[in-house]
Amino acid sequence: MTGLTRDGIASARRIVVKVGSSSISGENVGQIAPLVDALAAAHERGAEVMLVSSGAIATGMPYLQLDARPDDLATQQAAASVGQNILIYRYQESLRRYAIVAGQVLLTAGDLENPTHRLNAQRAMERLLGLRILPIVNENDTVATHEIRFGDNDRLAALVAELTGADLLVLLSDVDALYTRPPHLDGAERIPHVPHGDELVGIEIGSVGRAGVGTGGAETKVSAARIAAAAGTGVLVTATSLVAEALAGERVGTWFEPAAD
């Protein structure tokens, strides 16, 4: 890690991008192609790119004739089992346009807490990147339990960034940035920059997103951004629709300054 600045985003050498369920499933499944376009552009310039993608449960729900996200763990696991396969297929079909091969990496919180498992995961990720494979990471929902889950893939993305020594973490959602209060409320103002260690005193952070298929929101993104920034990774929070601009270094979203070396 090099203590990336916002001006250096376009030249980041190792990048983790996280996308949420609501951005790439259901009526938004069409956003996979432009997301892949942006990832491929970074890959083409020589960056090592990793995608942390939610969406297995949401993608599998229609195939199980489910109208809403299930509450019980067993049905969540069943939906994830079906949906993960379909999700990876959709990504690979889109990546095929650029002759990029995806590698599936499924992790549990226990994997990153166990030293042996953590080392194995780190070794596998390094080898995939060395082979110019694009790792697509998700929580292993079919074996995770309520007690050992990451809780949301924002945190997983931050831990993957820490595990791999990424320069840049981009957290995508359906909101273009972090705001001083939930953006649908009057008086909400975009926060363009968060200095390292800023406690965001007086900021009203919502705990849920707009859609009902994911588990994250602004609160989980701020928490994840702090984890990654403390490890020396610069973090950008923005909308999935702005991912190309984000990776090109345009002034979108909210930038969390990383800790100094």
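The values are calculated or read from the model by the stated rules, or taken from the named source; none is laboratory data. In this text the structure is predicted, and so the values were computed from the model without any measurement. Here the Cβ positions follow ideal geometry from the backbone for every residue, glycine too, while neighbour counts run over all protein chains shown. Please note that ligands, DNA and RNA were not included when accessible areas were found on the heavy atoms of the full protein model with its side chains. Shrake-Rupley method; radii C 1.70, N 1.55, O 1.52, S 1.80 Å.
Listed by position, the helices (runs of 4 or more DSSP H) enclosed by the range 36-151 that each have at least 3 residues that are farther than 20 Å from residue 25 by Cβ are 109-113, 115-130. A Cβ distance below 9 Å, combined with a sequence gap of six or more or placement on separate chains, defines the contacts here; from the range 242-261, residues that are free of Cβ contacts under 8 Å to residues at least 60 places away in the same chain and assigned to a loop (DSSP other than H, G, I, E, B) reach residues that are open to solvent by less than 60 Å² (accessible area, probe 1.4 Å) and among the β-branched types (Val, Ile, Thr) in the pairs 250/9. Across the range 126-142, the number of residues qualifying as surrounded by fewer than 14 Cβ atoms within 10 Å (Cβ to Cβ) and without any contact (Cβ under 8 Å) to a residue 40 or more places away in the chain comes to 3. Among the numbered conditions (1) of a type outside the set (Ser, Thr, Tyr); (2) touching a Phe, Trp or Tyr at 6+ places or on another chain (Cβ under 8 Å); (3) under 26 Å from residue 238 (Cα atoms); (4) surrounded by fewer than 21 Cβ atoms within 10 Å (Cβ to Cβ), the only one that residue 106 does not meet is (2).
Evaluated against (1) modelled with pLDDT under 90; (2) under 20 Å from residue 139 (Cα atoms); (3) open to solvent by less than 30 Å² (accessible area, probe 1.4 Å); (4) not basic (Lys, Arg), residue 206 falls short on exactly one condition, (2).
Every residue, every condition in (1) of a type outside the set (A, V, I, L, M, F, W, C); (2) at pLDDT below 90, yes or no:
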position: 124; (1), (2): no, no
position: 152; (1), (2): yes, yes
position: 162; (1), (2): yes, no
position: 176; (1), (2): yes, no
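If a residue must be surrounded by fewer than 19 Cβ atoms within 10 Å (Cβ to Cβ) and over 21 Å from residue 156 (Cα atoms), how many such residues does the range 4-42 contain? The number of residues fulfilling the criteria is 15. Do the conditions hold for residue 89, that is, is it modelled with pLDDT of 95 or more, of a type outside the set (A, V, I, L, M, F, W, C) and surrounded by fewer than 14 Cβ atoms within 10 Å (Cβ to Cβ)? Yes: the conditions hold for residue 89.
Among the residues of this structure, residue 45 does not count as one that is open to solvent by 80 Å² or more (accessible area, probe 1.4 Å), basic (Lys, Arg), farther than 21 Å from residue 159 by Cα and touching a residue at least 60 places away in the same chain (Cβ under 8 Å). Among the residues of the range 52-80, just one is surrounded by 19 or more Cβ atoms within 10 Å (Cβ to Cβ) and at positive phi, namely 55. Can you spot a residue in the range 22-35 that is assigned to a loop (DSSP other than H, G, I, E, B) and modelled with pLDDT of 95 or more? No, that holds for no residue.
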